[in-house]
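Q: After the structure tokens below, expect a handful of questions from me.
The values are calculated or read from the model by the stated rules, or taken from the named source; none is laboratory data. Keep in mind the model is a prediction, meaning the values are calculated, not measured. Please note: Cβ atoms are built from the backbone with ideal geometry, for glycine as well, and neighbour counts cover all protein chains shown.
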Amino acid sequence: MNYESTLLNQDIIVEKLVTVHYFEYTSKFYFPGETHDFWEFLYVDKGEVTVNTDDLRHVLKSGDIIFHKPMEFHNVVANGKIAPNLVVVAFECHSPAMAYFENKILRVSDSEKNLLASIISEAVDAFSSPLNDPNLTKLERKEDAAFGAEQMIKISLERMLIQFYRKGAVDWSNIKTTSSIKEQTDLDILNKVIMYLEANINKNITMKDICRDNQVGYSFLQKLFRERKGSGVIEYYHKMKIDTAKRYIREDTYNFTEIAEILGYSSIHYFSRHFKKVTGMTPSEYATSVKNRSEISRERFSLLP
């Protein structure tokens, strides 16, 4: 038999990666803006920001992603109340299909969130450059980088772009829902429990409380969280507490003792130990690092014309 190979079409090709960032900013963060000759997107992981692009103003909330085409002016302003967490990725891509992303603000699904998480995770494995440095202009490779890490970034980024393009290019009004009833039910339970955890962030609830109040089995719920969130329920709940504490620290609304009380910790000492276990820093060290990054960023960009 004579075989003939097929050259695979590539509709979106990411040629170069410029920067990858994951920022935890204060509620008063302000970036006056820039223009550059490559693509960039900003994803709001938590909180809310205002982005100005040329003559337009956009208010982005958690779960929103905005794309900036080459040579488009853009800036970022926090709302003064909520400290935002942002993912910013800049890259070079000259594929014609990228025209779809011009002036686009999209909602990010769980599937695309997983791809964003993969980009961040692989970037940590591939580069020594700190992803929270606002002054970063060049990624430095790790000498002991994980095998294939850079390629995984490229794959995840291209896959995310393709998924967005496909969703926008399809007329969903003529397509019936294909997701299974079980999958939708699982997602409803997951979201219900997460809302329950958020509502009880100031308490010390147990797995027994969670299962009883949400009428769900222990084993099923643990399995659901590990599959969808990558951790157990209580571990996820504790991380939510620390994420909330970090936001309070960045907003500079409460002192550490007040934060510990608000989040249901029995003492400031227990709160500090738990905070360091999760973040690798004490609350004081975290507050100082956030303040320094914010001030460095403000000083640098205030010098621009």
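Residue by residue, here is whether (1) assigned by TED's automatic domain parsing to the domain that holds Glu227; (2) in contact with a helix residue (DSSP H, G or I) (Cβ under 7 Å, 6 or more places away or on another chain); (3) within 21 Å of Asp243 (Cβ to Cβ); (4) assigned to a loop (DSSP other than H, G, I, E, B) holds:
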| position | (1), (2), (3), (4) |
| --- | --- |
| Leu60 | no, no, yes, no |
| Met71 | no, no, no, yes |
| Val76 | no, no, yes, no |
| Gly80 | no, no, yes, yes |
| Phe91 | no, yes, no, no |
| His94 | no, no, no, yes |
| Ala99 | no, no, no, no |
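Results for (1) loosely packed, with under 14 Cβ neighbours inside 10 Å; (2) more than 29 Å from Asp133 (Cβ to Cβ); (3) modelled with pLDDT of 95 or more; (4) touching a His at 6+ places or on another chain (Cβ under 8 Å), shown as yes or no for each residue.
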| site | (1), (2), (3), (4) |
| --- | --- |
| Ser231 | no, no, no, no |
| Thr244 | no, no, no, no |
| Arg250 | no, no, no, no |
| Ile268 | no, yes, no, no |
| Lys276 | no, no, no, no |
| Gly280 | yes, no, no, no |
| Glu285 | yes, no, no, no |
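Q: So, of the residues in the range 68-99 that are in contact (Cβ under 8 Å) with a residue 24 or more places away in the chain, within 23 Å of Ile12 (Cβ to Cβ) and out of contact with any strand residue (DSSP E or B) (no Cβ under 9 Å at 6 or more places or on another chain), which turns out to be surrounded by the most Cβ atoms within 10 Å (Cβ to Cβ)?
A: Ser95
Q: Output the residues belonging to the range 191-201 that are exposed (fewer than 13 other Cβ atoms within 10 Å of the Cβ) and within 26 Å of Ile259 (Cβ to Cβ).
A: Correct list: Met195, Glu198, Ala199.
Q: Please go through the range 1-17 and pick out each residue that is surrounded by fewer than 17 Cβ atoms within 10 Å (Cβ to Cβ), within 30 Å of the chain's Cα centre (by Cα) and not charged (D, E, K, R).
A: Step one: filter the range 1-17 for residues surrounded by fewer than 17 Cβ atoms within 10 Å (Cβ to Cβ), giving 1-11, 13, 15-16.
With the extra rule that they be within 30 Å of the chain's Cα centre (by Cα), the set shrinks to 10-11, 13, 15-16.
Result: Gln10, Ile13.
Q: From the list Glu40, Glu4, pick out the single residue that is within 19 Å of Ile153 (Cβ to Cβ) and free of Cβ contacts under 8 Å to residues at least 60 places away in the same chain. Before the answer, list the steps.
A: On the way: Glu4 fails: within 19 Å of Ile153 (Cβ to Cβ).
Result of the check over Glu40, Glu4: Glu40.
Q: If Val44 satisfies every condition in (1) out of contact with any strand residue (DSSP E or B) (no Cβ under 9 Å at 6 or more places or on another chain); (2) farther than 24 Å from Gln151 by Cβ but one, which is the exception?
A: (1)
Q: Just checking, which of Ile242, Ile205 is within 30 Å of Ser111 (Cβ to Cβ), free of Cβ contacts under 8 Å to residues at least 40 places away in the same chain, out of contact with any Gly (no Cβ under 6 Å at 6 or more places or on another chain) and not in a helix (DSSP H, G or I)? Walk me through it before giving the result.
A: Working: Ile242 fails: not in a helix (DSSP H, G or I).
One residue alone meets the criteria, Ile205.
Q: Given the conditions (1) touching a residue at least 24 places away in the same chain (Cβ under 8 Å); (2) of a type in the set (Asp, Glu); (3) farther than 30 Å from Leu187 by Cβ, report the number of the one that Asp110 does not fulfil.
A: For Asp110, the exception is condition (3).
Q: Please state which of the following conditions Asn79 fails to meet, knowing it meets all the rest: (1) modelled with pLDDT of 90 or more; (2) farther than 16 Å from Tyr165 by Cβ; (3) within 19 Å of the chain's Cα centre (by Cα).
A: Unmet for Asn79, out of (1) modelled with pLDDT of 90 or more; (2) farther than 16 Å from Tyr165 by Cβ; (3) within 19 Å of the chain's Cα centre (by Cα): (1).
Q: Name the residue, out of Ser129, Ser156, Ser118, that is at pLDDT 90 or above, in a loop (DSSP other than H, G, I, E, B), surrounded by 12 or more Cβ atoms within 10 Å (Cβ to Cβ) and not assigned by TED's automatic domain parsing to the domain that holds Thr257. Don't jump to the end; show me each part of the working.
A: Numbers: Ser156 fails: in a loop (DSSP other than H, G, I, E, B); Ser118 fails: in a loop (DSSP other than H, G, I, E, B).
Ser129 is the lone residue from the list that is at pLDDT 90 or above, in a loop (DSSP other than H, G, I, E, B), surrounded by 12 or more Cβ atoms within 10 Å (Cβ to Cβ) and not assigned by TED's automatic domain parsing to the domain that holds Thr257.
Q: With the requirement that a residue be touching a helix residue (DSSP H, G or I) at 6+ places or on another chain (Cβ under 7 Å) and within 12 Å of His68 (Cβ to Cβ), what does the range 16-42 give you?
A: Trp39, the sole residue that qualifies.
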